[in-house]
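Q: One structure follows; several queries about it will come next.
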Amino acid sequence: MPWMTCLMDGRHHAVAEPYLVAGLAEGRYLAACGLRVTPGSMFSPPGRRCMSCHVLVTARTSQPPGRRQWWRAATRPPDE
Ligand SMILES: [Zn+2]
């Protein structure tokens, strides 16, 4: 997920791709935490990461346990 620094609060927020497209006309983008991000310059360093966005993005992208078990089973030696 793309991250952008908001000019208003100086924090780095996660913006989902559909909201990137939707925000192009307005120049403001809806972040995962619900804030409308007014992006600063592309060349300025990123601000501190927004914890609300971080928690939401981490929860969404972490793998479900079933998939992890499948991976473990696939990498286990065949016979012990
Ligand atoms: Zn945020």
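Q: Would you point out the residue of the stretch 30-58, among those that are part of a helix (DSSP H, G or I), surrounded by fewer than 16 Cβ atoms within 10 Å (Cβ to Cβ) and aliphatic (A, V, I, L, M), that is farthest from the chain's Cα centre (by Cα)?
A: Looking at the filtered set, the residue picked out is Met51.
Q: Return the pair list, or none, for Cβ contacts closer than 9 Å from residues in the stretch 37-53 that are more than 12 Å from Leu7 (Cα to Cα) to residues that are within 12 Å of the ligand (Cβ to nearest atom) and aromatic (Phe, Trp, Tyr), at least 6 apart or on different chains.
A: Final answer for the pair search is Arg49/Trp3; Cys50/Trp3; Cys53/Trp3.
Q: What number of residues within the stretch 11-29 are within 14 Å of the ligand (Cβ to nearest atom), outside any helix (DSSP H, G or I) and not basic (Lys, Arg)?
A: So the answer is 6.
All of the numbers you see were taken from the coordinates with simple rules; none came from a lab. Only a predicted model underlies this, so the values are computations on that prediction, with no experimental measurement involved. Note that each Cβ is placed from the backbone with ideal geometry, even for glycine, and that neighbours are counted across all protein chains shown.
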